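The values are calculated or read from the model by the stated rules, or taken from the named source; none is laboratory data. Because the structure is a prediction, the values reported are computed rather than measured. Using ideal geometry, Cβ is built from the backbone for each residue, glycine included, and neighbour counts are taken over all protein chains shown.
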Amino acid sequence: MPKRLCADSEKGRREQDPATMILDSASVTSERPAKRLRLRAHPADTGPNTLAVLNWQPQRADAVYTQSEWTSLCEHLHNGNGPTRFIMGFRDLDGCKRYVKSKRHPVDRAISWSWSSIAGSPKSRLAFVPYSANERQQSRWGGMDFDAHNPGEADRARELAFGAFRVLLNMPDVAVILETSGSGGWHVWAISPDFHNTHEWIRLLKSVAATIGAPVAAGVCEIFPPDSVQSRFGKGMRAPGCWNPGTDTCSQIVWENCRTSLESVLSGKSKNAPLIRKGLETHFPDTKKKASFSSPSSFPNYHELELLQEFGITATNTRNDKLAALTGEIFNQVGGAMARQLVQAQFRHKTVSTEASEQEHMASFEELWAGLAARWRDTISEDEREKLAQLETDNEREAFRIIRSYAAKAANDGAKDFPIARDNLAERLGITGKGAAGIREKFMRLGIIAKTANYVPNKSAARFKWLLTISCG
């Protein structure tokens with residue numbers, strides 16, 4: 001019998017050896033007793049896990065897995081279907097993308113061909129697309145596809161993908177892969193060592209979508225297996241890291257922990273360096289915080305990755321310039337605590353040696369930050385300066401600077417108001433959502449901002465207008 005998946009929402013809210021053969025789904029059974037899988041209310045403690053890999057710069061699959069590992073993973077995702085029961089993605093003679101059911105190419109040949117396509121060796125490329133179900137309506141995996149087909153949708157896709165990723169990390173018996181889709185969108189995989197009924201996967205993924213506020217709809221968030229199945233084998237999703245025939249690029253792996261939860265499936269040593277626990281805790285902090293203004297958090301994950309990629313120290317004699325550029329970029333976006341975390345991560349993830357130590361790097365940052373703060377205070381208007389003087393904590397003063405930047409952008413764009421999302425502000429300051437809400441309320445009481453629109457669940461943040469004069473200086 002397949003195991004049962006169970007998705008418990010947060011309270012109040014939110015074996016066969018695949019390396020040797022591929023069996024038909026009718027012959028596949030589970031030898032272990034059923035065990036329920038649950039979404040836990042708080043992120044799982046990963047511990048000092050050397051097998052979970054976070055790539056600050058997304059990487060191709062052939063830089064993350066060995067060929068043997070990736071082959072075993074794809075055979076596992078094949079769900080025990082027959083040797084030609086899968087989809088192939090390719091480009092036809094006119095250069096147009098096509099996805100068709102395999103008729104004569106066996107799955108082992110398709111997987112090998114797909115690996116070569118990732119590595120860039122064949123002139124004719126192929127993408128292996130496993131079905132999300134077998135004829136018994138069981139699957140070893142669930143997937144979420146966050147699309148960004150139109151201009152301006154990339155940020156939405158990233159936010160939703162990282163949100164789903166963080167929710168799925170709560171499942172200790174499921175491996176998770178976070179990857180770009182090769183077309184501006186994102187894929188999130190949840191992979192179990194065992195089969196589960198497709199309706200359990202659907203229930204799990206719909207619960208994740210509801211938790212992050214994503215409508216399950218084409219062009220926004222698609223789930224695999226799909227809720228409405230046109231084929232008894234469900235729909236397929238390109239295997240992790242696969243070549244995308246639509247863009248002629250490969251998906252890139254941002255995070256994966258297959259060697260932890262799929263140890264019995266994958267074999268061979270990882271090509272990646274171990275991930276230190278401190279880095280993981282910084283990037284994915286526990287959401288169970290005390291209701292205070294000093295609880296640590298993190299700047300939004302996807303943006304942190306982008307900043308570290310854009311301002312990474314990857315060439316000799318560039319540390320000072322990269323530090324100055326990063327500091328200037330984040331000054332109006334985050335509080336000092338979050339800025340220090342980013343600058344520290346910038347130094348710790350450098351790929352070249354530097355004469356300066358981490359201590360010297362951080363000291364240089366403090367000088368740059370203080371200089372920017374002094375310059376900023378000189379540019380604000382007189383009534384802004386008066387309101388700033390009424391604030392009592394560093395968090396309040398930093399929130400003033402961040403929200404003022406929202407107002408300045410809205411003014412430049414000709415907008416009458418702007419959103420202040422409570423949790424987003426909290427992450428930028430490194431405090432709790434309750435703390436951020438308190439700051440927002442205080443700003444309204446002091447006449448710094450005024451609310452123009454209420455929060456609409458799963459649709460839009462509360463909106464505000466700036467009541468003070470914004471200097472053009």
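For the reader, a short list of remarks on this structure follows.
- Given (1) modelled with pLDDT of 95 or more; (2) out of contact with any Cys (no Cβ under 9 Å at 6 or more places or on another chain), index of the condition SER124 fails: (1)
- Hey, VAL188 among the β-branched types (Val, Ile, Thr) and crowded, with 24+ Cβ neighbours inside 10 Å or not: yes
- Qualifying residue in the range 197-218 (condition: surrounded by fewer than 24 Cβ atoms within 10 Å (Cβ to Cβ), at pLDDT below 85, assigned by TED's automatic domain parsing to the domain that holds LYS97 and not β-branched (Val, Ile, Thr)): no
- Contact annotation: no residue pair with Cβ atoms under 6 Å, 6 or more positions apart or on different chains, pairs a residue in the range 428-452 that is on the phi > 0 side of the Ramachandran plot with a partner that is among the acidic types (Asp, Glu).
- ALA325 meets the conditions (1) buried (at least 17 other Cβ atoms within 10 Å of the Cβ); (2) modelled with pLDDT of 90 or more; (3) not β-branched (Val, Ile, Thr) in every case but one. The failed one is (1).
- Taking the range 410-464 as the range and being farther than 21 Å from ALA339 by Cβ, under 23 Å from the mean Cα position of the chain (by Cα) and either outside the structural domain of GLU392 (by TED's automatic domain parsing) or of a type in the set (A, V, I, L, M) (or both) as the test, only ALA461 passes.
- Residue identified as under 28 Å from the mean Cα position of the chain (by Cα) and surrounded by fewer than 23 Cβ atoms within 10 Å (Cβ to Cβ) among ALA63, ALA127: ALA63
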